[in-house]
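S.K.: Got a structure for you, written out below as structure tokens; questions coming shortly.
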Amino acid sequence: MKADSVSSVTKIRGPKMRLMIVIGVSIALATVALNACSPQRSILQQVLHNGKLVVLTRNAATTYYVGPQGPSGLEYELAKRFAAYLGVELDMKVKANLNDILDEIQNGDAQLAAAGLTVTEKRQRRVRFTVPYQQIKQQLVYNQQNRRPRSLADLVGGDLEVLANSSHAERLKELSSKVSDLKWTEDKDIGSTELLTLVAEQVVDYTIADSNEVTVNRLYHPSLQVAFDVSEKQNLAWAMPKGKDLSLYTAANDFINELKESGELNRIIRRHYSHLRNYDYAGTTHFISQVRQRLPRYHSIFEDTAERYDLDWRLLAATAYQESHWNPRAVSPTGVRGIMMLTRATAEYLGVLQRTNAEQSIDGGGRYLRKLIDKLPKHIKEPDRTWLALAAYNIGYGHVQDARMITALRGGNPDKWIEVKDNLPLLRKRKWYKQTRYGYARGKEPVRYVENIRSYYSILNWQMTNSQQYQQKPLLALNSDVL
Ligand code: GLU
């Protein structure tokens with residue numbers, strides 16, 4: 001989007017210019033000062049001088065994790081952009097628990113924490129929060145194998161565990177005066193993901209987690225269910241020390257406010273969460289069981305094929321699952337066949353002789369996906385290229401181009417999947433499809449198709465990352481032998 005990239009340049013220039021003036025003035029003052037003390041740098045000047053922004057975080061799918069594509073997560077993305085906005089490198093430091101994060105910030109040992117931190121009154125006495133960037137609710141989570149509690153009173157006698165020093169522990173303290181005998185444990189040593197895993201594994205009966213964390217973790221642990229909300233909407237924000245020096249704080253607020261005003265913050269949040277909106281319990285559970293049962297048979301074919309066509313094997317595997325549930329003999333009523341569900345025409349075009357042969361089908365599907373990715377205009381960046389190419393795999397390249405054209409006509413960005421996906425369903429409406437080259441199409445299907453693949457892909461990524469990360473401490477019942 002042109003307008004956006006122009007404004008992001010101004011975004012970088014604005015504070016930098018101000019900063020240059022500030023630095024210029026400080027240098028001038030220092031030079032003329034009679035006492036020879038070196039001028040004290042502001043926090044922002046120190047960050048610029050060091051060329052590095054150090055950010056404390058915690059390890060979670062909603063904040064920061066190292067996935068197969070390297071560092072990922074919403075907080076990582078926001079912090080990375082903030083570092084770029086300041087023109088410095090980002091250095092994320094992962095802390096083991098919330099208290100370490102809050103202590104370091106309170107003591108001024110670190111300048112910024114981006115860790116999905118909830119703004120609470122109690123914390124505001126310890127640290128300074130930026131303007132919020134997201135809203136969540138606290139939710140009571142239980143395992144669906146157990147009876148659903150209807151209120152906090154139903155938890156009495158059960159094993160309720162929350163993270164020590166969390167907003168959840170604070171909330172429980174507030175509520176406990178209303179529920180007699182409500183008891184809980186506060187755990188210092190684990191993170192939110194591990195605590196949710198303990199509920200999924202039925203080690204712990206109940207926990208409280210932020211709604212965004214529940215949304216993401218249900219994908220990996222379908223047995224996690226929300227019983228009820230425990231709080232109203234709460235704000236998430238970055239935390240900074242409470243000193244007099246507001247230089248970095250002001251820059252961070254400017255940055256977040258500008259992201260909000262340009263609509264970019266909303267797009268980033270949607271990109272991280274919107275494919276999880278149509279969460280399907282049965283579908284996810286089935287996928288996870290097939291990862292253990294069926295994937296091992298095809299794993300090496302996916303890997304070899306992906307390497308040949310410079311694809312991510314997990315993406316290829318996720319696509320194959322969406323197509324056929326990894327069944328090489330799958331047949332659709334329209335005559336589409338095989339593990340990658342190639343049409344007869346596509347198979348002929350790709351030189352696939354036997355569509356029900358898994359190797360041939362995966363090779364054909366991988367080659368076709370690569371062709372589609374390469375066919376899209378060069379300026380479209382990843383991961384949008386891949387999501388658009390997958391939509392084309394499902395509905396045809398021409399229809400995706402039509403939807404991109406409609407997106408542009410309606411003032412959107414045709415290079416962003418998140419925007420094209422809102423316009424694809426318009427291909428079913430006469431008013432829109434009559435203006436297109438390829439006409440009517442069932443435009444909702446590729447949206448669902450791509451969103452499902454994204455979910456399967458995240459599950460595979462997560463299992464990979466966690467099986468490496470937790471080698472010493474296996475926490476995940478669902479880790480498969482092959483991943
Ligand atoms: N938003 C929660 C808090 O600030 C997150 C706690 C967590 O999941 O680690 O306490």
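The values are calculated or read from the model by the stated rules, or taken from the named source; none is laboratory data. Being a predicted model, the structure only gives us computed values, none of them experimental. Methodologically, a virtual Cβ is constructed for each residue, glycine included, from the backbone with ideal geometry; neighbour enumeration extends over all protein chains shown.
S.K.: Taking the stretch 52-62 as the search range and keeping residues that are at pLDDT 95 or above and crowded, with 22+ Cβ neighbours inside 10 Å, which one is nearest to the ligand (Cβ to nearest atom)?
M.R.: Among them, the one singled out is T57.
S.K.: Among the residues of the stretch 158-179, which ones are assigned to a loop (DSSP other than H, G, I, E, B) and free of Cβ contacts under 8 Å to residues at least 24 places away in the same chain? Can you show your working first?
M.R.: Start the filter on the stretch 158-179 by keeping residues that are assigned to a loop (DSSP other than H, G, I, E, B), which leaves 158-159, 164-166, 177-179.
Once the filter is applied, which keeps residues that are assigned to a loop (DSSP other than H, G, I, E, B) and free of Cβ contacts under 8 Å to residues at least 24 places away in the same chain, the stretch 158-179 yields only S177.
S.K.: With (1) at pLDDT below 90; (2) of a type outside the set (A, V, I, L, M); (3) over 21 Å from N266 (Cβ atoms) as the list, and S458 as the residue in question, which single condition is left unmet?
M.R.: (3)
S.K.: Identify all residues within the stretch 181-211 that are part of a loop (DSSP other than H, G, I, E, B), more than 14 Å from the ligand (Cβ to nearest atom) and in contact (Cβ under 8 Å) with a residue 24 or more places away in the chain; write none if there are none.
M.R.: D181, L182, K183, W184, E201, Q202, V204, D205
S.K.: Keeping to the stretch 247-276, report how many residues are aliphatic (A, V, I, L, M), under 20 Å from the mean Cα position of the chain (by Cα) and within 17 Å of L86 (Cβ to Cβ).
M.R.: 2
S.K.: Take the conditions modelled with pLDDT of 90 or more, touching a Leu at 6+ places or on another chain (Cβ under 9 Å) and surrounded by 20 or more Cβ atoms within 10 Å (Cβ to Cβ) and apply them to V199. Does it pass?
M.R.: For V199, the condition - modelled with pLDDT of 90 or more, touching a Leu at 6+ places or on another chain (Cβ under 9 Å) and surrounded by 20 or more Cβ atoms within 10 Å (Cβ to Cβ) - is met.
S.K.: Here is a list of conditions, (1) out of contact with any helix residue (DSSP H, G or I) (no Cβ under 7 Å at 6 or more places or on another chain); (2) of a type in the set (A, V, I, L, M); (3) surrounded by 21 or more Cβ atoms within 10 Å (Cβ to Cβ), and L388 meets all of them except one; can you say which number that is?
M.R.: (1)
S.K.: Does the stretch 83-101 hold any residues that are touching a residue at least 60 places away in the same chain (Cβ under 8 Å) and out of contact with any strand residue (DSSP E or B) (no Cβ under 7 Å at 6 or more places or on another chain), and which are they?
M.R.: Across the stretch 83-101, the qualifying residues are A84, Y85, G87, A96, N97, N99.
S.K.: Can you pull out the residues in the stretch 378-388 that are among the charged types (D, E, K, R) and part of a helix (DSSP H, G or I)?
M.R.: From the stretch 378-388, those among the charged types (D, E, K, R) are 378, 381-382, 384-385; that's our starting set.
If the condition is that a residue be among the charged types (D, E, K, R) and part of a helix (DSSP H, G or I), then D384, R385 are the ones that fit.
The rows are residues; the columns are (1) over 24 Å from the mean Cα position of the chain (by Cα); (2) over 14 Å from L342 (Cα atoms); (3) at pLDDT 95 or above.
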site: G364; (1), (2), (3): yes, no, yes
site: L376; (1), (2), (3): yes, yes, yes
site: I380; (1), (2), (3): no, yes, yes
site: W387; (1), (2), (3): no, yes, yes
site: L390; (1), (2), (3): no, no, yes
site: Q401; (1), (2), (3): yes, yes, yes
site: V420; (1), (2), (3): no, yes, yes
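S.K.: In addition: Which of the residues that make up the stretch 397-445 are of a type in the set (D, E, K, R), assigned to a helix (DSSP H, G or I) and within 20 Å of H379 (Cβ to Cβ)?
M.R.: Taking the stretch 397-445 first, the residues of a type in the set (D, E, K, R) are 402, 404, 410, 415-416, 419, 421-422, 428-431, 434, 437, 442, 444-445.
Imposing the further condition that a residue be assigned to a helix (DSSP H, G or I) reduces the set to 402, 404, 419, 421-422, 428, 430-431, 444-445.
If the condition is that a residue be of a type in the set (D, E, K, R), assigned to a helix (DSSP H, G or I) and within 20 Å of H379 (Cβ to Cβ), then D402, R404, E419, K421 are the ones that fit.
S.K.: If you don't mind, there's one more thing I want to ask. Identify, please: which residue in the stretch 337-377 is touching a strand residue (DSSP E or B) at 6+ places or on another chain (Cβ under 7 Å) and part of a loop (DSSP other than H, G, I, E, B) and is, among those, farthest from Y309 (Cα to Cα)?
M.R.: Checking each candidate, the answer is T356.
S.K.: Does the stretch 37-51 include one or more residues that are crowded, with 23+ Cβ neighbours inside 10 Å and within 16 Å of the ligand (Cβ to nearest atom)?
M.R.: Scanning the stretch 37-51, I find no residue that is crowded, with 23+ Cβ neighbours inside 10 Å and within 16 Å of the ligand (Cβ to nearest atom), so the answer is no.
S.K.: To continue, here is another question. Only one of (1) free of Cβ contacts under 8 Å to residues at least 24 places away in the same chain; (2) assigned to a loop (DSSP other than H, G, I, E, B) is not met by P132, so which one is it?
M.R.: Answer for P132: the failing condition is (1).
Per-residue answers, yes or no, for (1) assigned to a helix (DSSP H, G or I); (2) at pLDDT 95 or above; (3) out of contact with any Pro (no Cβ under 6 Å at 6 or more places or on another chain):
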| residue | (1), (2), (3) |
| --- | --- |
| I256 | yes, yes, yes |
| H275 | yes, no, yes |
| N278 | no, no, yes |
| A282 | yes, no, yes |
| H286 | yes, no, yes |
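S.K.: Give the residue that is surrounded by the fewest Cβ atoms within 10 Å (Cβ to Cβ), with candidates limited to residues of the stretch 67-90 that are away from the ligand (no atom under 16 Å from the Cβ) and among the small types (G, A, S). Walk me through it before giving the result.
M.R.: We begin by selecting, within the stretch 67-90, every residue away from the ligand (no atom under 16 Å from the Cβ); these are 67-72, 77, 79-90.
Cutting the leftovers down to among the small types (G, A, S) gives us 67, 70, 72, 79, 83-84, 87.
Working: G67: 14, G70: 7, S72: 19, A79: 28, A83: 20, A84: 16, G87: 14.
Of everything passing the filter in the stretch 67-90, G70 is surrounded by the fewest Cβ atoms within 10 Å (Cβ to Cβ).
S.K.: A114 - would you say it is within 21 Å of the chain's Cα centre (by Cα) and either farther than 20 Å from N217 by Cα or among the polar types (S, T, N, Q) (or both)?
M.R.: The answer is no for A114.
S.K.: Further question: Would you be able to tell me the number of residues in the stretch 91-119 that are in contact with a Leu (Cβ under 7 Å, 6 or more places away or on another chain), within 10 Å of the ligand (Cβ to nearest atom) and in a helix (DSSP H, G or I)?
M.R.: 2
S.K.: Taking the condition of being modelled with pLDDT under 95 and small (G, A, S), how many residues in the stretch 217-252 meet it?
M.R.: Here the count works out to 2.
S.K.: Further question: On the given criteria, is S151 modelled with pLDDT of 90 or more, within 11 Å of the ligand (Cβ to nearest atom), of a type in the set (G, A, S) and out of contact with any strand residue (DSSP E or B) (no Cβ under 6 Å at 6 or more places or on another chain)?
M.R.: Answer is no for this residue.
S.K.: Every residue in the stretch 386-416 that is within 14 Å of Y433 (Cα to Cα) and among the polar types (S, T, N, Q), please.
M.R.: Of everything in the stretch 386-416, those that are within 14 Å of Y433 (Cα to Cα) and among the polar types (S, T, N, Q) turn out to be Q401, T407.
S.K.: Looking at (1) within 15 Å of the ligand (Cβ to nearest atom); (2) in a loop (DSSP other than H, G, I, E, B); (3) surrounded by fewer than 16 Cβ atoms within 10 Å (Cβ to Cβ), which one does K122 not meet, given that it meets all the others?
M.R.: For K122, the exception is condition (2).
S.K.: Just to check your reading of the model, which residue among Q145, Q138 is at pLDDT below 95, in contact with a Ser or Thr (Cβ under 9 Å, 6 or more places away or on another chain), more than 25 Å from Y249 (Cα to Cα) and among the polar types (S, T, N, Q)?
M.R.: Q145
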